[in-house]
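Student: Provided herewith is a single structure, encoded as structure tokens, for subsequent inquiry.
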Amino acid sequence: MPGVPRHPAARVAVIAAIASVAVTLTGCTPPGVEQVGTPEPAPVRTARPTPSAIPDPIPIAAPQPPATDVDLEEVAGIVVRPEHLDLVDGDGAPLTTLSYDLDAVSFVDALSAVLGGDPKVEERPGGHEWSPSTAYTWPGMQVVDDHEQGDYQADMNVAVQFTHPIIGDGVTVSTINGFRPGDSLRSFADELDERWNADGPNEFPAETGPEIGPRAGDFDTNTEWTYLNANAVSVNSFGQQLNPEATSSILAPWNFGIGHV
């Protein structure tokens, strides 16, 4: 999503641009077979078939608006999930959800009720590699609606980013496993056994949703950090453009398992 930082490779250079991931096609060598007598020629390294540049999307059910019988002013917490927000009460019990595929007006109106005020609205013209977008900003969080065109929509309709652990009138923010904006990203990486770049920046998934198709890039399958083509919750060190004091932020949805251009 333009205007919301995503992938480390691009966010360092252009925060407003959609990230670009280098996709490397590697070869595969069939396992060797012990020979008796005249040895067979050495196995030939062959390239894997080139994957499709864009995976075929899997149809999903139309997102439902928040339940009409829920008083959104009673929401005490937001739990950031791979494909939606869980809106919960003071005991953590779910009240309703907000899908990232809702139309932006419904999504933003619901959050305005939860947070007790309307956001600042900014229209962004886009550029060569990203679509125009509209950013809706409250203190500590932002919603970005990109205006993609064409038959194929690369992302869910909106993306969210949180840089504060408490927003609005005392509404808490966390991932499903308890990470909050501002928490130690290094400690959470160790907890999830994620790799850590000592020189920064850092980003990894806190939660990953169901696989939605084949990966668009043939990433190294011999690493424990191979990610699915699936929407995920990103925890990262890219929140400074919203909050200069942010040490960690939460972003969703973000797909770690495909290349982004």
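Student: Based on the mean of other beta carbon atoms within 10 Å per residue, what is the order of 72-83, 173-184, most packed first? Kindly include the intermediate steps, with their values, before the conclusion.
Tutor: On the way: 72-83: 20.2, 173-184: 18.7.
Taking the mean over residues of other Cβ atoms within 10 Å, the ranking is 72-83, 173-184.
Student: Among 231-241, 190-200, how do they line up by average Cβ neighbours within 10 Å per residue, starting with the highest?
Tutor: Going from most to least packed, we get 231-241, 190-200.
Student: Extension gain residue 192-residue 177, at 0.36 nm per residue separation less the Cα-Cα distance, in nm?
Tutor: Taking 0.36 nm per residue and subtracting the Cα distance, the gain is 4.4 nm.
Student: Return the FRET efficiency for the residue pair residue 169, residue 147: r is the Cβ-Cβ distance, R0 is 35 Å, and the value is rounded to the nearest 0.05.
Tutor: Working: r = 31 Å, r/R0 = 0.89.
Efficiency for this residue pair is about 0.65.
Student: Thinking of segment 89-134 as a set of Cα atoms, what percent of all their pairs are more than 12 Å apart?
Tutor: 73
Student: Please compute the length gained on full extension between residue 106 and residue 121, using 0.36 nm multiplied by the number of residues separating them and subtracting their Cα-Cα distance. Each step should come with its number before you reach the end.
Tutor: Values: separation 15, 0.36 × 15 = 5.40 nm, distance 1.48 nm.
Length difference between fully extended and current span is 3.9 nm.
FYI, it's all coordinate maths here, none of it is from the lab. Just so we're clear, the structure is a prediction, and the values are computed from it rather than from any experiment. All Cβ positions, glycine included, derive from the backbone under ideal geometry; neighbour counts span all protein chains shown.
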